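The values are calculated or read from the model by the stated rules, or taken from the named source; none is laboratory data. Everything numeric here is computed off the predicted structure, so don't read it as measured data. Every residue, glycine among them, receives a Cβ derived from its backbone with ideal geometry; neighbour counts consider all protein chains shown. Remember, those area values only see protein heavy atoms, side chains included, never the ligands or the DNA or RNA. Shrake-Rupley method; radii C 1.70, N 1.55, O 1.52, S 1.80 Å.
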Amino acid sequence: MQDTEVEKKNNMLEGTDSRVYELGYLLVPSISEENLPVNYGNIKELISSFGGEVISDEMPKMLTLAYPMQKVISNIRHKFKTAYFGWTKFMMSTEKVLELKKNLDLDSNFVRSLILKTVKENTIATKKFMRGESYKRPTVKRSTENETAVVINKEEIDKEIDAMVAV
Amino acid sequence: MKQDYFSANNIKFIDYKDVEILKRFLGPTGRILSHKRTGVTAKNQRALTSAIKHARFLGLLPFVVK
């Protein structure tokens with residue numbers, strides 16, 4: 001009984017300690033498109049290795065940067081005009097995040113990375129405009145439903161007219 | 001933009017990845033517009049500036065447009 005209580009307390013503590021974070025990152029453009037899923041998987045693994053729970057994420061995509069960035073990798077200064085931008089939302093304890101950040105700073109695959117506090121819910125508002133396509137689909141379905149409804153109505157109307165004529 | 005854009009569109013969390021939205025609040029040289037010109041509430045203006053600055057850091061938005 002005592003053990004279960006202790007476990008409960010631990011769970012409570014974990015619940016209060018963990019927070020929702022978002023990792024935005026830029027990967028080096030020298031990674032080939034074939035190896036991109038591998039790197040993407042590695043990032044997810046890295047997060048889960050620190051006890052993180054991935055909530056949502058997006059595959060890194062090639063992006064032309066708004067300005068050229070520089071990074072020194074093994075004593076050679078590299079200049080980047082493009083990079084793969086991706087992000088991951090995850091739950092992690094507040095202490096582990098600092099360790100994760102240290103780990104990311106040492107990684108040579110990253111041009112830059114940014115860890116932010118966020119909320120669990122989807123925060124991208126531009127998807128509302130993207131949803132325009134999915135909004136069209138239900139309207140199409142509705143139109144088909146309306147058509148069938150109209151057909152039924154026609155039959156009923158015909159019957160009614162016949163009845164009227166018969167009278 | 002007289003009314004608060006974010007409360008009008010029911011945006012509770014201003015995301016740095018929403019570049020299309022953030023671009024509305026940049027001037028022709030890439031500077032953040034003042035709250036006087038954006039009409040955004042003080043709270044949202046603070047969130048907006050930090051979102052723009054995060055987007056700039058990750059190369060999604062420019063610091064300066066020449």
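Points worth noting:
- Crossing angle, helix B:42-57 versus chain B [Cα axis fit, 0-90 degrees, rounded to tens]: 20 degrees
- Computed over region A:2-121, the Cα gyration tensor eigenvalues convert (square root of 5λ each) into semi-axes of 33, 14, 12 Å, ordered from largest to smallest.
- Surface exposure of region A:2-121, expressed per residue as accessible area with a 1.4 Å probe, stands at 62 Å².
- The slack in the chain from A:LYS44 to A:ARG19, taken as 0.36 nm per residue of separation less the alpha-carbon distance, amounts to 7.3 nm.
- Buried accessible area, chains A and B (both chains, 1.4 Å probe, Å² to nearest 100): 1800 Å²
- Rolling a 1.4 Å probe over the protein heavy atoms of region A:12-90, with every protein chain left in place, gives an accessible area that is 52 percent carbon and sulfur.
- Panel values: chain B, Kirkwood radius from alpha carbon pairs, Stokes-Einstein at 20 °C and 1.002 mPa s, translational diffusion coefficient 181 µm²/s.
- Rg/Rg_ref, region A:52-115, where Rg_ref = 2.2 N^0.38 Å and atoms are Cα: 1.27
- Probe 1.4 Å - accessible area at B:ARG46, Å² to nearest ten: 150 Å²
- Accessible surface, 1.4 Å probe, highest first, among residues A:MET62, A:MET91, A:MET69, A:MET164: A:MET164, A:MET62, A:MET91, A:MET69
- Cross-link pairs A:LYS81/A:LYS117; A:LYS44/B:LYS66; A:LYS101/B:LYS66; A:LYS120/B:LYS43; A:LYS89/B:LYS43 - those with Cα-Cα distance over 30 Å: A:LYS44/B:LYS66; A:LYS101/B:LYS66
- Solvent-accessible ranking of B:HIS54, B:HIS35, largest area first, probe 1.4 Å: B:HIS35, B:HIS54
- Electrostatic tally near A:LEU63: other residues with Cβ closer than 13 Å to its Cβ, Lys and Arg +1, Asp and Glu -1, net +3.
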